[in-house]
1. Of these, D496, D468, which one is acidic (D, E), more than 20 Å from A21 (Cα to Cα) and part of a loop (DSSP other than H, G, I, E, B)?
2. Does region 5-28 contain at least one residue that is touching a helix residue (DSSP H, G or I) at 6+ places or on another chain (Cβ under 7 Å), on the phi > 0 side of the Ramachandran plot and in contact (Cβ under 8 Å) with a residue 40 or more places away in the chain?
3. For region 243-253, check the following and say yes or no: at least one residue is in a strand (DSSP E or B), within 27 Å of the chain's Cα centre (by Cα) and buried (at least 19 other Cβ atoms within 10 Å of the Cβ).
4. Only one of (1) within 25 Å of H367 (Cα to Cα); (2) of a type outside the set (V, I, T); (3) in contact with a strand residue (DSSP E or B) (Cβ under 7 Å, 6 or more places away or on another chain) fails for D47. Which number is that?
5. Considering only region 64-101, how many residues are of a type outside the set (S, T, N, Q) and part of a strand (DSSP E or B)?
6. Check L59 against each of (1) under 30 Å from M430 (Cβ atoms); (2) over 18 Å from the mean Cα position of the chain (by Cα); (3) of a type outside the set (K, R) and name the one condition it does not meet.
7. Please work out if K51 is open to solvent by 10 Å² or more (accessible area, probe 1.4 Å) and either in contact with a Phe, Trp or Tyr (Cβ under 9 Å, 6 or more places away or on another chain) or closer than 22 Å to L229 by Cα (or both).
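The values are calculated or read from the model by the stated rules, or taken from the named source; none is laboratory data. Quantities reported herein were computed from a predicted structural model and do not represent experimental measurements. Glycine also receives a Cβ, built like all others from the backbone with ideal geometry; neighbour counts cover every protein chain displayed. Heads up: the accessible areas ignore ligands, DNA and RNA and are worked out on the full protein's heavy atoms, side chains in. Shrake-Rupley method; radii C 1.70, N 1.55, O 1.52, S 1.80 Å.
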Amino acid sequence: MTVQRAEEFDFIVVGAGSSGATLATRLAERGAGKVLLLEAGAPRDKDFWVKVPLGVAKLLLNPDYVWPFNTEPQPQLAGQKIYWPRGRMPGGSSSVNGMIYVRGEPAEFDHWAELGNRGWDYASLLPHFKRLENVAFGDDAARGRSGPISVSSVANVHPNVLSDAFIQACQQAGIPKAADYNGGTYEGVSYLQLSTDDGRRCSTAAGYLHGRPQHNLTLKTEALATRVLFNGKRAVGVEYVQGGITRKAHARNEVILSAGPIKSPQLLELSGIGGADRLQRLGIDVIQHSPGVGENLIDHLQARITFECTQPITLNEIVKSPVRQGLMGLRYLMTRRGIMATPSATAHALAKTLSGAGRPAVKIQLHHLTGADRYAGKGFGLDPFPGFAIGFFQLRPNSRGHLHIRSTDPREAPVIDPRYLTDEDDAQAMLEALRLSRAVSRQAGLSPYVARETRPGVDVADDAGLLDYIKASGQTSWHPVGTCKMGNDPMAVVDDNLRVHGVDKLRVIDSSIMPTMCSSNTNAASIMIGEKAADMIMQAAQR
């Protein structure tokens, strides 16, 4: 390959996703100098089905839009390899996710601070959450009014009888109503909040890169970073491939990896930062022995209990009917409302369980469609009758996995092993979540809409049978985090300023730095990390 002469920038950010687009935009607008933002994917973030919330179903199987990762076979999940798509375009996974906007549990951020990460308690993070969001509802003291990411409530874009029934049934099952789970009490049931603007996806590409364009920010797409360049222990630039040409970019100040929880640790290892034995076996010169790189992998395992609905009010029958599809599309195009303005999930409950230690321990969520597999091909593999599902997962899983490079080829996917359900408490929590979902379905509010339980079926009632169902049907919630964890213990990769331990001028700024699962969905917290990191970097530059 041809190698081009190196370009010069003040900061180089690798990955234009949830954290990276946020960080690069904020650095540029605050006068940090010339900023280079590298994105491996093509500029597809303005495509029609990217912007339409319900279009997420068309994106997740398409390698034009996602990295099509797969895990290793999971012994605790009946040997399944779990498909792990990650966003591959400006906006990263915020351009392909379900847009469910949940900051996280305040108590979990406080736990991050208790682990020794100064400034990561919820009170300290609140200004960054407020700065990123533009919300028309909630308390002024808790919600942002003018940020790049617009946040809406499904209650305003698609109020519907099935969601109302689910919310009522959750309350009948003992779950309190939540007025605003992002700005008030975290626990409870409510309509979902979405990162959408007038019925369209509001990714970090839409909100930051396009919403706040900066003359000193250079975005290069279809540019695959291959390694960080070092002078001794100091990061001085990045090597990347674009258009078949190997290029180099030098950073006068810092190199920042915001490539996400899979690609950031992969890039560190390719660059000589990781477990020394592993790197040496692959012939990689060791810059810094850091055994925690790629470890501490955490994800939410999700399963769903499914029902045949007594009324034709779900997506199943719409997808099967060209006429209904046309009416749905017409309504959306004329009003930006309706089911197309949602990802098909509309309401959730963050709920306590008997073993949850007094905090919300599980999430259950209403989905307006059913099928044997979320990714099944044409027609989404939907059931031939009206159906809805209640998805569920444990909020704070204890199981920890790992991911590591298998070769020196940056195009080759790493070995990904989340080790789902290897902690016995996780299996118990999933059983409690399934039983809670079933209990909700039997309440007076929702039972009139239940013709029958189709998966796993009422005949499956004992713990062993229910756990077998969870293991056979469980899939990712698309929430991997933790693989470059923040902290000061021997397995920590970055400090609480997100600087990589043992080297200079290199940071990791994305969801891989989370020491634990922030609870529930992860995208809002990933954007917040970009906001907070921009403050850290600018404050350091002013000293």
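1. None of the other options fit; the residue is D496.
2. There is at least one residue in region 5-28 that is touching a helix residue (DSSP H, G or I) at 6+ places or on another chain (Cβ under 7 Å), on the phi > 0 side of the Ramachandran plot and in contact (Cβ under 8 Å) with a residue 40 or more places away in the chain.
3. So in region 243-253, the residues in a strand (DSSP E or B) come out as 245-253.
Next, only the ones that are within 27 Å of the chain's Cα centre (by Cα) stay: none.
Checked against the condition, which is being in a strand (DSSP E or B), within 27 Å of the chain's Cα centre (by Cα) and buried (at least 19 other Cβ atoms within 10 Å of the Cβ), region 243-253 yields no hits at all.
4. (3)
5. 10
6. Result: L59 fails condition (2) only.
7. Values: open to solvent by 10 Å² or more (accessible area, probe 1.4 Å): yes; either in contact with a Phe, Trp or Tyr (Cβ under 9 Å, 6 or more places away or on another chain) or closer than 22 Å to L229 by Cα (or both): no.
Considered against the rule, which asks whether it is open to solvent by 10 Å² or more (accessible area, probe 1.4 Å) and either in contact with a Phe, Trp or Tyr (Cβ under 9 Å, 6 or more places away or on another chain) or closer than 22 Å to L229 by Cα (or both), K51 comes out as no.
Residue-wise test of (1) closer than 25 Å to R227 by Cβ; (2) free of Cβ contacts under 8 Å to residues at least 40 places away in the same chain.
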| position | (1), (2) |
| --- | --- |
| G33 | yes, no |
| D45 | no, no |
| K58 | no, yes |
| P75 | no, yes |
| K81 | no, yes |
| S95 | no, no |
